[in-house]
Amino acid sequence: MIEENERAAKFMQAIQRDGEKRRAAIMESIDQEVAAELEKVKAAAAAKARQMGDYEKVRMQEETNRKLSRSVVETGAELAARRTEIAAQVFAACEEKLAEFTAGPDYADHLAKSVASLLQLLHADKADFYAREADLPAVKAAVPAGCTVTADPTIRLGGLRAKCGSVEADDTLDVKLEAQKDWFLQNSGMSIAL
């Protein structure tokens, strides 16, 4: 009976060792499955986090670009308005200086030179001249015989226009000042390049 008890004890030990091995193998298999599932979940979470991060980055870039674009447009509009305001001030000051010039003693000489220049430009001895109402006496004194002088209300600042047949020439201060506006905006250093 002792022998049977010993055998039974050895059999129990063998069963217990086998059970322990199987339990260890099952535990290892479970740990591996849990680790594999955990890696899958971690990878999925990392991919989702990257995707959310990329989405947020793109969204923030788009929002920043919209704000920047809006700011550039607003700033450009403000600069354009300010440039227009400055140009208007400059040309208003120029018009004041021209008014002083046309009221001064050198203006009659300027009109006489303009008459000669326009006749030469038109290749004519006679022409029809157009001037401001206030300039008619000085122009009439400067034109050669046979020329007509007519008041022209469209000439605001001074100077002359002349016509010979179908050819016209303009030497008015209005046109000369207007021609300077584009030059002024291009060369004044007030460009609006953002």
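Scanning for something farther than 22 Å from T102 by Cβ and out of contact with any Leu (no Cβ under 6 Å at 6 or more places or on another chain), does the stretch 145-158 turn up at least one residue? Yes, because at least one residue in the stretch 145-158 is farther than 22 Å from T102 by Cβ and out of contact with any Leu (no Cβ under 6 Å at 6 or more places or on another chain). Within the stretch 102-124, restricting attention to residues that are in contact with a helix residue (DSSP H, G or I) (Cβ under 7 Å, 6 or more places away or on another chain) and without any contact (Cβ under 8 Å) to a residue 40 or more places away in the chain, the residue that is farthest from L160 (Cα to Cα) is A108. The numbered conditions (1) surrounded by fewer than 10 Cβ atoms within 10 Å (Cβ to Cβ); (2) in contact (Cβ under 8 Å) with a residue 12 or more places away in the chain are all true for I86 except (1).
State yes or no: is V72 touching a residue at least 24 places away in the same chain (Cβ under 8 Å) and at negative phi? Against the criterion (touching a residue at least 24 places away in the same chain (Cβ under 8 Å) and at negative phi), V72 qualifies.
The residue pairs whose first member lies in the stretch 151-170 and is under 23 Å from D125 (Cα atoms), whose second member is open to solvent by less than 10 Å² (accessible area, probe 1.4 Å) and of a type in the set (D, E, K, R), and whose beta carbons are closer than 9 Å, counting only pairs six or more residues apart or on different chains, are A151/D135; G158/D135; G159/D135; L160/D135. Among all residues of the stretch 175-192, there is none that is free of Cβ contacts under 8 Å to residues at least 60 places away in the same chain and touching a helix residue (DSSP H, G or I) at 6+ places or on another chain (Cβ under 7 Å). A count restricted to the stretch 138-168 and to residues that are surrounded by fewer than 19 Cβ atoms within 10 Å (Cβ to Cβ), over 21 Å from E95 (Cβ atoms) and among the small types (G, A, S) stands at 5.
Being open to solvent by 60 Å² or more (accessible area, probe 1.4 Å), modelled with pLDDT of 90 or more and in contact with a helix residue (DSSP H, G or I) (Cβ under 9 Å, 6 or more places away or on another chain) is the requirement here; does K97 meet it? Spelling it out, it is not the case that K97 is open to solvent by 60 Å² or more (accessible area, probe 1.4 Å), modelled with pLDDT of 90 or more and in contact with a helix residue (DSSP H, G or I) (Cβ under 9 Å, 6 or more places away or on another chain).
Has the stretch 87-103 got at least one residue that is of a type in the set (G, A, S) and over 22 Å from N187 (Cα atoms)? Among the residues of the stretch 87-103, at least one is of a type in the set (G, A, S) and over 22 Å from N187 (Cα atoms), which makes the answer yes.
Out of curiosity, is D135 touching a Cys at 6+ places or on another chain (Cβ under 9 Å), among the acidic types (D, E) and open to solvent by less than 80 Å² (accessible area, probe 1.4 Å)? No, not satisfied.
Output yes when any residue across the stretch 48-67 is on the phi < 0 side of the Ramachandran plot and not in a helix (DSSP H, G or I), and no when none is.
no
Go through the stretch 46-86 residue by residue and tally those that are more than 17 Å from the chain's Cα centre (by Cα) and closer than 23 Å to F184 by Cα. The total comes to 2.
The values are calculated or read from the model by the stated rules, or taken from the named source; none is laboratory data. Computed from a predicted structure; not experimentally measured. Quick reminder, even Gly has a Cβ in these numbers, built from the backbone with ideal geometry, and neighbours come from all protein chains shown. Calculation scope for accessible area: heavy atoms of the full protein, side chains included, ligands and nucleic acids excluded. Shrake-Rupley method; radii C 1.70, N 1.55, O 1.52, S 1.80 Å.
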